[in-house]
1. Here is a list of conditions, (1) surrounded by fewer than 18 Cβ atoms within 10 Å (Cβ to Cβ); (2) farther than 30 Å from VAL225 by Cβ; (3) outside the structural domain of ALA281 (by TED's automatic domain parsing), and CYS33 meets all of them except one; can you say which number that is?
2. Would you be able to tell me the number of residues in the stretch 159-193 that are part of a strand (DSSP E or B) and touching a residue at least 60 places away in the same chain (Cβ under 8 Å)?
3. Anything in the stretch 257-275 that is in contact (Cβ under 8 Å) with a residue 40 or more places away in the chain, out of contact with any Asp or Glu (no Cβ under 8 Å at 6 or more places or on another chain) and surrounded by 18 or more Cβ atoms within 10 Å (Cβ to Cβ)? List them, or say none.
4. May I ask you to list the residues in the stretch 52-77 that are touching a Phe, Trp or Tyr at 6+ places or on another chain (Cβ under 8 Å), in a strand (DSSP E or B) and modelled with pLDDT under 90?
5. May I ask you to list the residues in the stretch 83-95 that are of a type outside the set (D, E, K, R), at pLDDT 85 or above and farther than 21 Å from SER240 by Cβ?
6. Could we say that GLY80 is at pLDDT 85 or above and either within 30 Å of SER190 (Cα to Cα) or loosely packed, with under 12 Cβ neighbours inside 10 Å (or both) here?
7. Are there any strands (runs of 3 or more DSSP E) wholly within the stretch 201-313 with 2 or more residues that are hydroxyl-bearing (Ser, Thr, Tyr), out of contact with any Phe, Trp or Tyr (no Cβ under 7 Å at 6 or more places or on another chain) and modelled with pLDDT of 90 or more, and if so which?
Amino acid sequence: MRKIFTNIIIFLAVIGLAVVNYSLSGIKFAQGCVGVQMEYVPTINTSGEFTSQGKTDIILSYPVYVDEVFVTENRTVSKGQALFSIDKEKMLELMGSDKREQAAALSEFSYEEIISSSADTDYSRSGIYTLPDIVYSPDDGYISRLNIYDGSIMLADKTLLSVSKTDDIVAKFTLSQMDYGKISVGDKVSITSVAFDDTEYEGRIIGQSAVVRKQTTAMGSKVVVDVFATLDNPDNRVSSGLQVNARIESGRPMSIFAVEYKYIHQDDKGEYVLVLKNGTASKVYITTGVEAQDYTQITGDFDEDTVFLYGDIQEGDRVILSR
């Protein structure tokens, strides 16, 4: 009797395991998440460069023999700081030398440059002595252009160097007509230099500086708009000509309901999500909106308890959530 009872128990256990295995065989594992209510600020991503709106070119009306240069390009300077010194005696020696020696000394310049300058004019000794021994910076700023070096000779009326005012450095961006219509004066701009991407600069759009022009592309020409932004926190690495990337906040913050990109699917009818309903994957078609970081806005009859599914699953599959 005991043996019969034992056999019955074993038989029932086998049947139970078979039922469980059959039930589990149709269940799939999937990742799950709930949507998030997040604040989104409309943004425009663009690129451009730093540019200077104010600079002083150092130009002398005499050919200059540079004795020593005290600064380097892109170096910050203060008003009254020594920039370079002039060797007047070498200048006088050059003036008194024959044409062959003068030509050798000016070999860096083309014949057209020498002719177009006043290098062949008769300069007086007294005029040379009126030149300063040392040339000083006229403003606070940085050396945005440096055309001289120790022992170099520069023709008359040529730019020896340029001092740009740091406070006058702005960021210039190129926008499409459509994007230009989305921005306003005072919009916040976050700027990162391509050369120094470890620092983010903040700025604001300057409306009155917009410039409309045509831009030629492989697809033809299109109208674009150059806009400018001030810099709230410039440092000595901000230099005219450096390429930058920027993010313009082009509207008021809004609250959106969003899920990660991977939870959004698409078929021939449109975009959809799979949601968990009574342990089963259910397909719900949606309309997507703005994209924010790794999330996309979706609209539909969802709430904070809706579970969205991701994995190797189809509509109608029974689902168990995995970690």
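1. Only one criterion in (1) surrounded by fewer than 18 Cβ atoms within 10 Å (Cβ to Cβ); (2) farther than 30 Å from VAL225 by Cβ; (3) outside the structural domain of ALA281 (by TED's automatic domain parsing) is unmet by CYS33, namely (3).
2. Summing the residues that are part of a strand (DSSP E or B) and touching a residue at least 60 places away in the same chain (Cβ under 8 Å) in the stretch 159-193 gives 16.
3. Result: PHE257, ALA258, VAL259, TYR263.
4. Within the stretch 52-77, THR76, VAL77 qualify.
5. Across the stretch 83-95, the qualifying residues are SER85, ILE86.
6. Against the criterion (at pLDDT 85 or above and either within 30 Å of SER190 (Cα to Cα) or loosely packed, with under 12 Cβ neighbours inside 10 Å (or both)), GLY80 qualifies.
7. 280-285, 287-292
The values are calculated or read from the model by the stated rules, or taken from the named source; none is laboratory data. Just so we're clear, the structure is a prediction, and the values are computed from it rather than from any experiment. Backbone-built Cβ (ideal geometry, glycine too); neighbour counts: all protein chains shown.
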